[in-house]
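The values are calculated or read from the model by the stated rules, or taken from the named source; none is laboratory data. Not measured: the values here are computed from a predicted model. All Cβ positions, even for glycine, are placed from backbone atoms using ideal geometry, and neighbour counts span all protein chains on display. To get the accessible areas, we keep the full protein, side chains included, count just its heavy atoms, and leave off ligands, DNA and RNA. Shrake-Rupley method; radii C 1.70, N 1.55, O 1.52, S 1.80 Å.
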Amino acid sequence: EALQVLQDWLEDHPQDFQVQLELANGYLALEREAEARAAYSRVIKLYPNHVPTLNNLAWLTRDQDLKQAIAYAERAYELAPGEAKVADTLGTLLIKQGNSRRGYEMVQKAAKLSPGDPEIQLHYARTLVEQKKFADARTVLNAVVANHSASEFSREAETLLQSLPQ
């Protein structure tokens, strides 16, 4: 119902950046990715250098057009190289593309920038596992479990820990 109110408002005020962004964020929160992608595309037309929108578009576009997704992520990184979530998104997409070396560097940078973010730490641990740096991965995963108990991230970290060779 709230999304409908936003859509109705935008029919008469299509240039309202803030409402357009709220609509996109609403779709994202509801995991309605196609609608979120479309709404974020409208936001980026209004404000082409909005870093969170570029980052979200990069992630939401990854399965439809990886090259475009990386272009969004690169642009976000140019604008905000010190943002952990931006470096994490770019790194993850680069790894998916096959550019593992730079991708790992970006994910590692994100992990250093945001040591308390369990999602980023999980991404970092996965890159360590891919590099067969199991002891380092175990350290990161144990920290996620200890610092974020009873969360989905803790459960994922525990599952990954159990899959590591001894």
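Annotation note: Cβ proximity below 6 Å between a residue of the range 81-101 that is without any contact (Cβ under 8 Å) to a residue 60 or more places away in the chain and a residue that is open to solvent by 50 Å² or more (accessible area, probe 1.4 Å) and among the hydrophobic types (A, V, I, L, M, F, W, C) (sequence gap 6+ or interchain) occurs for A84/L113; T89/W59. Quick check: anything in the range 58-78 basic (K, R) and not in a helix (DSSP H, G or I)? Within the range 58-78, one or more residues are basic (K, R) and not in a helix (DSSP H, G or I).
Yes/no matrix, rows are residues, columns are (1) closer than 16 Å to R126 by Cα; (2) touching a Phe, Trp or Tyr at 6+ places or on another chain (Cβ under 6 Å):
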| site | (1), (2) |
| --- | --- |
| V43 | no, no |
| P48 | no, no |
| T53 | no, yes |
| T61 | no, no |
| A80 | no, no |
| T89 | yes, yes |
| S100 | yes, no |
| G103 | yes, no |
| Q108 | yes, no |
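For L94, the conditions (1) assigned to a helix (DSSP H, G or I); (2) open to solvent by 20 Å² or more (accessible area, probe 1.4 Å) are fulfilled apart from (2). Can we say E105 is charged (D, E, K, R), outside any loop (DSSP other than H, G, I, E, B) and over 14 Å from the mean Cα position of the chain (by Cα)? It is true that E105 is charged (D, E, K, R), outside any loop (DSSP other than H, G, I, E, B) and over 14 Å from the mean Cα position of the chain (by Cα). With the condition kept exactly as written, say whether any residue in the range 120-141 is in contact with a Gly (Cβ under 8 Å, 6 or more places away or on another chain), open to solvent by less than 70 Å² (accessible area, probe 1.4 Å) and part of a helix (DSSP H, G or I). The answer is yes; a qualifying residue exists. The residue pairs whose first member lies in the range 16-38 and is closer than 14 Å to T61 by Cα and modelled with pLDDT of 90 or more, whose second member is of a type in the set (S, T, Y) and assigned to a helix (DSSP H, G or I), and whose beta carbons are closer than 6 Å, counting only pairs six or more residues apart or on different chains, are E35/Y27; A36/Y27.
When the range 128-153 is filtered for residues that are at pLDDT 95 or above and of a type in the set (S, T, N, Q), the ones remaining, listed by number, are T139, N142.
For the range 1-48, which residues satisfy the criterion of being within 22 Å of D65 (Cα to Cα) and of a type in the set (S, T, N, Q)? Hits for the range 1-48 are N25, S41. Please work out which residue is most open to solvent (accessible area, probe 1.4 Å), limiting yourself to the range 39-83 and to residues that are modelled with pLDDT of 95 or more and of a type in the set (K, R). For the range 39-83, the residue satisfying everything is K67.
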